[in-house]
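Below you'll find the structure, written out as C-alpha cells, and then a few comments.
The values are calculated or read from the model by the stated rules, or taken from the named source; none is laboratory data. On a predicted model such as this, the values are computed, not experimentally measured, just so you know. Glycine also receives a Cβ, built like all others from the backbone with ideal geometry; neighbour counts cover every protein chain displayed. Protein only, heavy atoms only, side chains kept; ligands, DNA and RNA dropped before computing areas. Shrake-Rupley method; radii C 1.70, N 1.55, O 1.52, S 1.80 Å.
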Amino acid sequence: VPEDLALTGFDDSDISRSTTPPLTTVRQPLEEMGRLAVSLLVRLMERHTVDTLHIELATHLVIRGSTGYAPGDSRLP
C-alpha cells in the first residue's frame with residue numbers, strides 16, 4: 001500500500017491517522033447528521049407530519065498515504 005493496492009476507509013476515525021501508512025478516508029458531517037436526526041425526532045414526537053426526505057450532506061475526501069496514483073497514470077512525476 002499504496003504501490004500495489006490503494007485502500008480507502010470511511011468515517012475518518014482517529015485510528016485512520018495512526019495506521020502505517022495513514023489511511024485515506026471519507027469524512028462525514030457527523031454533527032450535522034446528529035442535528036438533523038434530533039430535529040426529525042422532535043418533529044415526530046410532537047406528531048408533526050413528516051414527508052419522505054432526501055437529504056444530501058457534503059462529505060470530504062481526506063487523502064493520506066494509503067492511496068497513490070494508478071500505475072501508468074500520466075500525472076506521475
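Between a first residue in region 48-61 that is at negative phi and a second residue that is among the polar types (S, T, N, Q), which pairs have beta carbons less than 7 Å apart while being 6 or more apart in sequence or on different chains?
Thr59/Gln28
Limited to region 15-30, what total is found for residues that are under 13 Å from the mean Cα position of the chain (by Cα) and exposed (fewer than 12 other Cβ atoms within 10 Å of the Cβ)?
1
Exactly one of these conditions fails for Pro21: (1) closer than 18 Å to Tyr69 by Cα; (2) at pLDDT below 90. Give me its number.
(2)
I'd like the full set of residues that are farther than 29 Å from Asp12 by Cβ and either open to solvent by less than 100 Å² (accessible area, probe 1.4 Å) or in a strand (DSSP E or B) (or both), limited to region 38-77.
Leu44, His48, Val50, Gly72, listed by residue number.
All but one of (1) under 14 Å from the mean Cα position of the chain (by Cα); (2) loosely packed, with under 12 Cβ neighbours inside 10 Å hold for Asp12, so report the exception by its number.
(2)
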